[in-house]
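Below: one structure, written as structure tokens.
Nothing in this text is a laboratory measurement; each read-out follows from the coordinates by a stated rule. Worth saying up front: this structure is predicted, and the values here are computed from it rather than measured. Neighbour counts run over all protein chains shown; Cβ positions are idealised from the backbone, glycine included.
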């Protein structure tokens, strides 16, 4: 489902070059639930950004669903991000001016879908995270856990094959964190969604099928 | 998608009230001023009312004579003799008219002095200019030639001398002469100077004929073609007849220069005194456009600046949209639409302010008898200004936004 071969990513300033990923190769199969762990600055977010096609490696190849991507331009990458990948961010990144339902509909705005169908799919996604009663609320009227559930609904509304969660429980207390983990596991089991999650929480990582550990931009295992 | 964009645009405007106020203020005040100026210019160049046929007529309102040595030069309105010799024999115009420029006369009512403007006109004047008669009629060709003491007066003059009662048939005494009122016309704006006056009397009224010998001073001419397309032919014939014209004192004044001008050319001539050259209509049009663009540029730059800072506040939203598959074109469309909605609201406010100002200027009498109007051309100008604002102030910020790196945008590290 996701393959990175010999991925190298480095950042340059006028005086220093920092290598964020150094010859990283990973292969994540369809339907896998994988967590990425490592200390701060080890390259977890860079790896997630490359998998999510938000960033490009300096060297190496990326395959998403057998499609080699790294040479694609922004215009060609946008529909792949839209159809195949869903993002869940640590700080939710909901648009406060839009209602819960309008936030969830956002990825569908960039597809040729009627407004009626968009609404139906958004309600269906909201149902999966058990927040039907909050459809017309605005993000700032919800708790942190509820906001993250809305963010998950937004990530899955387009039925992507891959869900990328960047510390999805990082801003939540343990009870809410567990609720979110339960939803992610459910999506992985029932919908066969491939999930890649960055986490600092060893306990939550242990509940995933595989842990990818990074240190100084290199794989440990 | 459109519904969500519009909803979001309105929410953003509501949330950032100060930004919205500043933007709307810039847009609406600029639009108001531009609409006022456009309406004024439009009203002068394409006048409604009495001068509504202006596309078919040319005015001869200035002439100059130069001495043989080239040193002495006089420039003023043409005289009756010149106009009678040059325009009356013309074949291309359907109608030709000679009339005096306005002169001030005074009358009295109940011991109170009333100042008015008076014009002497021939009968064709009333055919070229389409006055709206409230009552009565203009004077006929015979009445004009016989120099009968008749008068057509404006609505305002009628009210001053006769209150609300009918002025027809009544005697009006101004400048020591009495005239019988045979018609009352709607007031004419001072900006429509070919038609504007308070009292119009026949050319030869009061047995006045002394002016017929004067080549220069105090008169104007109008020549009207059957169709607007015949204007160039009419101009050409005027120039030929002008070249053939000899001043009554040809040895002293061998060179006579004049021109027949359209309304726009008449306006352009106000800005340069040289009679020889063509009226600088192109320069005037460019000048008006450049001034307007410059006038619009300042608020536009201000809006661009405001829009950029607004975008930076919304970098997280841009990051999210990009992460979920928005292309640059989607973001540009969204932001431009938001900006166009803002400018349309500003446009409606500006348009309302302009209408209000026009009403107040009209009733205040700052420009006597002038009523500002919004017609199709002024409306088109207003829509163009709104689009100019909306697109120009939105394009650069939208383009900048669409190129944001999604990772940096999500982190707010732009």
Query raised in the report: What average number of partner chain Cβ atoms lie no more than 10 Å from the Cβ of the residues making up A:102-110?
Result: 5
Requested in this report: Rounded to the nearest 10 degrees, what's the angle between the helix B:17-45 long axis and the longest principal axis of chain B, both from Cα atoms, 0 to 90?
Outcome: 20 degrees
Report task. On a 0 to 90° scale, report how tilted helix A:174-190 is relative to the longest principal axis of chain A, with both axes built from alpha carbons and the result rounded to the nearest 10. Result -> 90 degrees
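Only counting other Cβ atoms within 10 Å, I'd like B:200, B:193 sorted with the fewest neighbours first.
Numbers: B:200 27, B:193 18.
Going from sparsest to densest Cβ surroundings: B:193, B:200.
What is the fewest-to-most order of B:161, B:359, B:245 by other Cβ atoms lying within 10 Å of their Cβ? Walk me through the numbers before you get to the answer.
Details: B:161 21, B:359 12, B:245 16.
Listing B:161, B:359, B:245 from fewest to most nearby Cβ atoms yields B:359, B:245, B:161.
What is the average number of partner chain Cβ atoms found within 10 Å of a Cβ in B:322-335? If you can, show how the numbers build up before the last one.
Details: counts 5, 15, 16, 18, 7, 9, 3, 2, 3, 0, 0, 0, 1, 0.
Mean partner shielding for this stretch: 6.
Could you sort the peptides A:97-107, B:10-20 by per-residue average Cβ neighbour count (10 Å cutoff), highest mean leading? Present the calculation step by step, with values, prior to reporting the outcome.
Values: A:97-107: 23.6, B:10-20: 14.4.
The packing order, highest mean first, is A:97-107, B:10-20.
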Query raised in the report: How big is the convex hull of the Cα atoms of chain B, per residue, in Å³?
Result: 191 Å³
Report summary line: Scoring region B:206-312 by relative contact order with C-alpha pairs under 8 Å, at least six apart, yields a percentage of 14 percent
Requested in this report: Averaging sequence separations of C-alpha pairs under 8 Å and six or more residues apart, then dividing by the length of region B:53-96, give the relative contact order as a whole percent.
Outcome: 26 percent
Report summary line: Computed over the Cα atoms of the protein assembly as shown, the Rg and Dmax in Å are 39.5, 119
Report summary line: Nearest 10, in degrees from 0 to 90: the angle of helix B:376-402 to the longest Cα principal axis of chain B is 20 degrees
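Can you give the average number of partner chain beta-carbon atoms within 10 Å of each beta-carbon in peptide A:90-98, as a whole number?
Working: counts 0, 4, 2, 8, 3, 8, 4, 10, 5.
Mean inter-chain Cβ contacts per residue within 10 Å come to 5.
Kirkwood hydrodynamic radius (Cα pairs, Å) of region A:1-140? Provide the component values of the computation, followed by the final result.
Details: mean 1/r = 0.0576 Å⁻¹.
Its Kirkwood hydrodynamic radius stands at 17.4 Å.
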Requested in this report: Report relative contact order for chain A in percent, whole number only (criteria: Cα-Cα under 8 Å, sequence separation at least 6).
Outcome: 30 percent
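Per DSSP H run of at least 4 residues, take -39500 (n - 2.57); add these up for the protein assembly as shown, divide by its residues and hand me the 222 nm value, nearest 500 deg cm²/dmol. Please report the intermediate quantities before stating the final value.
Details: 20 runs with 275 residues, N = 635.
Estimated from H runs of four or more residues: -14000 deg cm²/dmol.
For each of B:403, B:113, count neighbouring Cβ atoms within 10 Å of the residue's Cβ, then give the residues from fewest to most. If you can, show how the numbers build up before the last one.
On the way: B:403 11, B:113 8.
Taking fewest neighbouring Cβ atoms as first place, the list is B:113, B:403.
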